[in-house]
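K.L.:
Structure in structure tokens, see below.
The values are calculated or read from the model by the stated rules, or taken from the named source; none is laboratory data. A quick note: this is a predicted structure, and the numbers were derived from the prediction, not measured. Heads up, the Cβs are rebuilt from the backbone with ideal geometry, glycines too, and the neighbour counts pull from every protein chain shown.
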Amino acid sequence: MTWFLYAMYITELMSIWQVFAIGSFGLPPAEFVMILFLLLYVPYRYVWLGKPLRVPNNAQLGMMVALLASMLFVGIGPLIDGYQTMSLQSIKTLAHFGFIWAFAAIVLCSDVSVEQWRSVLRLHLSIGMAVCLYGLYQIPARTMDLPLAWLEITNAGFKAHVENEPELGQLALRFAEFYRATSIFPEPSALGSYAANLVFLNVIPWARSGTGFLKTSWARVTSVVLALLALFAAFSMTGILLLCVGSAFVLLRYRKKLFGTLGVIVLVFAVGLPIIDSYINWHFNVSVLELFAVRIESIFSGEAFENVGGGVDGESANMRADDFTIAYKMWLENPLFGVGPGNTEHSFFARNHNTITMSNVYAGTLAEYGPITLFVLLCMYGINMATAYWYERRWTVLGGRERNPQLDDLIACLPVAAALVIFVGLTGNQLISASYWLRYLPVLAGIELVRRALGTSTVVEIYLVRRPWRAILNASQPETPLHGSNH
């Protein structure tokens, strides 16, 4: 299991590439690993070895089941309407979501230990330093035309709606001679979201107890500083939003320790940020700090939401706001079921407005799945957020740190991790993607792990076979003279 999780957290960074394509769908490496997991690991563990699925009896898995059921239910809509294109698209989208959901559910039922999750998150943070460093390298590389300044996108899913483009590159707007960093991601906001998650996976355990998933202080400082600088170089308001949400929790929860443990990070970043901005301003004739100031001011003043000339060049706030209006109009086409899973581009209203997909999960869910699934999704978020916060507080009150310091680091991150998933949905529509569930799995697994530690967890064991196939095969082998009963 650990090696499959390692592979998942490595390959989820490679979404711009594909293993192979089926029509306009490019299978990314992370989902290919999911398929291998379902085809190889699951039969080996639960059929060959005969191990039971340990299904947790908790609200988290229950809400996952409710989400899947609601999506399957609303998938009936396009089938009833009888439009072949929309019916086929609904079937393909639901099948795609189904196998990603199955991966997440089986991981939750597989008794992944605290030590395994810690090693996976340690790998995630270690790779994150290289990802952020590469994003910083892109700033001079793109101006000086150095190697690996740009990565070609080969995934057919990204290229499906781009006509006459044999080669598709990463999206990065240019300001004077400065290009927004993207690192290994298709666009800057993905780097901003990724970097914000790295920051809090390091900062929260460190602020809480002076430890963390990375073993040394210098590694934690390096990881946080690189992540903050990469977020800055990405010029991402998504990253800033997530940074503000997480920082609010840290300030409220660990304000007494801000001048101690976090002081080093704040000092290094406060010195490093102006130096990086001065370097960019000197070489590329633009100040990213000033661009951030203008962009933030335009959002608060409402100028960014104007359709023409609002805010800085390339501002996406107006598009994201318009998506709610478009989603509402699309939902009116079928108020009960929505237009159907994956059918945004096939809906009447979206076709007339040249809309291919929604830019946030809430508008997309309302438009494609209707109010039932949106309600279930919001309930899942709300229940998981409240549960994560409650168990973090209860664990702290009961002195859990002394009982299990390894688990304490994971539990400390649960409320912020749950909150970041909620807020990142405002700027990205990734409900049916490997990266979404890999960010959410530690939250769901962490809640179950703290239940076990507190003795409040109950599970139902489900055996897929009555007798392990390995035992059946061994019993069917004829006895040899060496092992016969008469020797």
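K.L.:
Among residues belonging to region 446-466 that are of a type in the set (D, E, K, R) and at pLDDT 90 or above, point out the one that is farthest from ALA418 (Cα to Cα).
P.N.:
By that ranking, first place goes to GLU461.
K.L.:
Kindly indicate whether LEU49 is at pLDDT 90 or above, among the hydrophobic types (A, V, I, L, M, F, W, C), closer than 18 Å to GLY370 by Cβ and in contact with a Phe, Trp or Tyr (Cβ under 9 Å, 6 or more places away or on another chain).
P.N.:
So LEU49 does not fit the description; no.
K.L.:
Output the number of the condition that ILE462 fails; it satisfies all remaining conditions of (1) closer than 22 Å to SER110 by Cβ; (2) exposed (fewer than 13 other Cβ atoms within 10 Å of the Cβ); (3) out of contact with any Pro (no Cβ under 7 Å at 6 or more places or on another chain); (4) not basic (Lys, Arg).
P.N.:
Here ILE462 meets the rest and fails (3).
K.L.:
Quick one: is LEU410 crowded, with 23+ Cβ neighbours inside 10 Å and over 15 Å from the mean Cα position of the chain (by Cα)?
P.N.:
yes
K.L.:
Looking only at region 171-194, filter to residues that are modelled with pLDDT of 75 or more, assigned to a loop (DSSP other than H, G, I, E, B) and not basic (Lys, Arg); which one of those is nearest to TYR279 (Cα to Cα)?
P.N.:
ALA181
K.L.:
Could you please give the count of residues in region 118-140 that are touching a Gly at 6+ places or on another chain (Cβ under 9 Å) and without any contact (Cβ under 8 Å) to a residue 24 or more places away in the chain?
P.N.:
Qualifying residue count, region 118-140: 0.
K.L.:
Continuing with this model, one more query. How many residues are among the basic types (Lys, Arg) and at positive phi when one looks only at region 73-92?
P.N.:
0
K.L.:
Any residue in region 44-57 that's closer than 14 Å to ALA102 by Cα: show its pairings with residues that are crowded, with 17+ Cβ neighbours inside 10 Å at Cβ separation under 8 Å, as long as the two are six or more apart or on different chains.
P.N.:
Hits for this filter: LEU53/TYR46; LEU53/ILE106; LEU53/CYS109; LEU53/SER110; VAL55/LEU61; VAL55/CYS109; VAL55/VAL459.
K.L.:
Report, by residue number, each residue of region 337-349 that is within 18 Å of ILE91 (Cα to Cα) and either in a helix (DSSP H, G or I) or at pLDDT 80 or above (or both).
P.N.:
Correct list: PHE337, GLY338, VAL339, GLY340, PRO341, GLY342, ASN343, THR344, GLU345, HIS346.
K.L.:
Mind checking which helices (runs of 4 or more DSSP H) fall wholly inside region 376-477 and carry at least 1 residues that are over 23 Å from LEU214 (Cα atoms) and touching a residue at least 12 places away in the same chain (Cβ under 8 Å)?
P.N.:
405-424, 434-454, 469-476
K.L.:
While we're here: Quick one: in region 267-298, which of the residues that are surrounded by 15 or more Cβ atoms within 10 Å (Cβ to Cβ) and not hydrophobic (A, V, I, L, M, F, W, C) is nearest to THR143 (Cα to Cα)?
P.N.:
ASN281
K.L.:
State whether the residues of region 138-159 include one that is among the polar types (S, T, N, Q), modelled with pLDDT of 85 or more and within 30 Å of ASN404 (Cβ to Cβ).
P.N.:
No - not one qualifying residue is present in region 138-159.
K.L.:
Kindly indicate the residue of region 14-57 that is surrounded by 19 or more Cβ atoms within 10 Å (Cβ to Cβ) and polar (S, T, N, Q) and also nearest to the chain's Cα centre (by Cα) among those meeting that condition.
P.N.:
SER15
K.L.:
For region 192-222, which positions are of a type in the set (A, V, I, L, M) and within 22 Å of PHE249 (Cα to Cα)?
P.N.:
Result: ALA195, ALA196, LEU198, VAL199, LEU201, VAL203, ILE204, ALA207, LEU214, VAL221.
K.L.:
Out of ILE265, ILE280, ILE240, I need the residue that is under 24 Å from the mean Cα position of the chain (by Cα), of a type in the set (A, V, I, L, M, F, W, C) and at pLDDT below 90. Which one?
P.N.:
ILE240
K.L.:
In region 225-255, what residues are of a type in the set (Ser, Thr, Tyr), in a helix (DSSP H, G or I) and in contact (Cβ under 8 Å) with a residue 40 or more places away in the chain?
P.N.:
If the condition is that a residue be of a type in the set (Ser, Thr, Tyr), in a helix (DSSP H, G or I) and in contact (Cβ under 8 Å) with a residue 40 or more places away in the chain, then THR238, TYR254 are the ones that fit.
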